[in-house]
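This report concerns only the one structure given below.
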Amino acid sequence: MLAELSGINEECGVFGIWGHDNAAQLAYYGLHALQHRGQEGAGICTVNDGHLHIEKGEGLVNDVFPGDRLGKLPGHGAIGHVRYTTEGGRAFENIQPLVFRSTTGSLALAMNGNVINATELKRHLEKQGSIFQTTSDTEVLAHLIKKSGSYPQTERIKKALSLLQGAFAFVMVTEDALIVAQDPSGIRPLSLGRLGDAWVVASETSAFDLIGAETVRSVEPGELLIINDEGLKSERFAPKARRGICSMEYIYFSRPDSDIDGINIHMARKRLGKRLAQEVTIDADVVTGVPDSSISAAIGYAEESGIPYEMGLIKNRYVGRTFIQPSQELRERGVKMKLSPVRQVVEGKRVVMIDDSIVRGTTSKRIVKMLRDAGAKEVHVAISAPPLIAPCFYGVDISTDSELIATGRSVDEIRELIGADSLSFLSTEGLVEAVGRPDTDPDCGHCLGCFTGKYPTDIYADTKLPHEKELV
């Protein structure tokens, strides 16, 4: 919650289904389960008798698909997308899925993540005559596929994907197939499921639970899935690199009822809280969590420390997303609208406030003051993650380290700025061990870039550009 109010925003969510007569309706429900990953736009594209049908718009899933709008989307295959703006701005044309039609076939695609070398690829493609209709880096893949010559479609897609650098989970539909791709480091989550005879894919397994599908497995890094009426086929477009799943998925982004690589998010967050209690001893009367993403960690901290857990902060669920407000003053007012302290819980008490991160520090300062104003004797802030010291290049809205209060400051300096009696962070080693994905296993690696400044891929713009001969 703190992160939500102060600047860490979700990336996007993708959903795909093939082989079900109610594909659009199931995509609609799947996007509902992914709504927390993006609230600025939503869209669904279906395929029916070789034709693509697209409906999309700004706002929440319910806003975009009122009444009978889903009735305009026939077909047994569909992809869907919920969008939070990272790259490309909020223009309507950037809402996904993006659809491209040509005499050689149509393609719709949607992505969660960020293509690091998108700007350079665009310049390269424009020199060869490409004209871009959006400012989204997702469109780059469509142009690369078109430029990849007269090879069979699957080979053209694999060739185009191999030129991309960064974090990406793609879902695509053509006239006869659903195609799914995961970046070689597996940074963004993507899972495969089954609903009767239909195949489904989604950014989170909570989407499967909502539609009654069974989780099969995670999509492998560097894997390309081709799903059509003949079934599912797995190929590779890139060698499998060392896994680098985004750690913030476990800490903050994903829903507590989702699983990533077989690890439940709620249970992982509880272990983060338990490990935090092992690393940090605080003499206090009550533990509370900042709703919603920190509640699991707060419960874990309370269980391990023996300090009672209480609902010391209440979230107002009928207030809009305050973190998109354009000024700091409005963001600060939004904190008061979103959260209320429970005086009877905190008055006269030494309070441990558990949260998942500190970004700018403004919200932490406000919440600490709220608790003090409600009568808390002491407020100790404990964070179930390491300090955020570096920007994210993979689709999370932390673009510069100047936004981060922890960059260049000691823990005590941060504590003084937010007004807490004490401030503690989980260690990086504690994070990895508590999540349950040992970093010694190449299939279980984490992206810890925002905590360490070390990234699983090259992060600069000139990482990889195609030669002219690679596109023909």
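A simple spin-label model places pseudo-atoms 7 Å from Cα toward Cβ; at T135 and V342 they are separated by 4.5 nm. Taking 0.36 nm per residue of separation and subtracting the current Cα-Cα distance, fully stretching the chain between E413 and D441 would add 6.5 nm. Annotation: aspartates and glutamates with alpha-carbon distance below 16 angstrom to K122 (same-chain offsets under eight excluded): E87, D137, E139, D462, E468, E470. In whole Å, what is the distance between the alpha-carbon centres of the range 98-152 and the range 206-252? After rounding, the separation between the Cα centres reads 22 Å. Calculated accessible area for the chain comes out at 38 Å² per residue, all protein chains present (probe 1.4 Å; ligands, DNA, RNA ignored). Starting from the Cα gyration tensor of the range 170-221, take the square roots of the eigenvalues, sort them a ≥ b ≥ c, and report rounded, prolate or oblate (rounded when a/c is under 1.5, otherwise prolate if a/b is larger than b/c, else oblate). Verdict is oblate for the range 170-221. Among 148-154, 108-114, 158-164, the peptide with the highest mean count of other Cβ atoms within 10 Å heads the list, and the full ranking is 108-114, 158-164, 148-154.
Ordering 179-189, 354-364, 306-316, 21-31 by mean Cβ neighbour count within 10 Å, with the highest value first, yields 179-189, 354-364, 21-31, 306-316. The slack in the chain from Y29 to E403, taken as 0.36 nm per residue of separation less the alpha-carbon distance, amounts to 131.1 nm. A dipole drawn for the chain from +1 and -1 charges on Cβ atoms has a positive end, and of A142, F237, Q39 the residue lying farthest that way is Q39.
Here r is the Cβ-Cβ distance between D21 and Q128 and R0 is 60 Å; the resulting FRET efficiency, rounded to 0.05, is 0.90.
Note on the chain: with charges restricted to the Cβ of Lys and Arg (+1) and Asp and Glu (-1), its dipole about the Cα centre is near 680 debye. Given +1 at the Cβ of Lys and Arg, -1 at the Cβ of Asp and Glu and no other charges, the dipole of the range 58-193 around its Cα centre is 300 debye to the nearest 20.
Candidates [x] 22.5, 74; [y] 61.2, 204; [z] 27.9, 93; which is the computed Rg and Dmax of the Cα atoms in Å? This structure yields the entry labelled [x].
Size descriptors for the range 18-157, from the alpha-carbon set: Rg then Dmax equal 15.4, 44 Å. Peptides 338-350, 378-390 ranked from most to least packed by the mean count of surrounding Cβ atoms within 10 Å: 378-390, 338-350.
Per atom type, the chain shows carbon and sulfur on 49% of its accessible surface, probed at 1.4 Å. Extension gain, A91-K233: 0.36 nm per intervening residue step, less the Cα-Cα distance, totals 47.6 nm.
The values are calculated or read from the model by the stated rules, or taken from the named source; none is laboratory data. The shown structure was predicted, so the numbers you read here are calculated from the model rather than taken from an experiment. Note: ideal-geometry Cβ built from the backbone for every residue, glycine included; neighbour counts use all protein chains shown. To get the accessible areas, we keep the full protein, side chains included, count just its heavy atoms, and leave off ligands, DNA and RNA. Shrake-Rupley method; radii C 1.70, N 1.55, O 1.52, S 1.80 Å.
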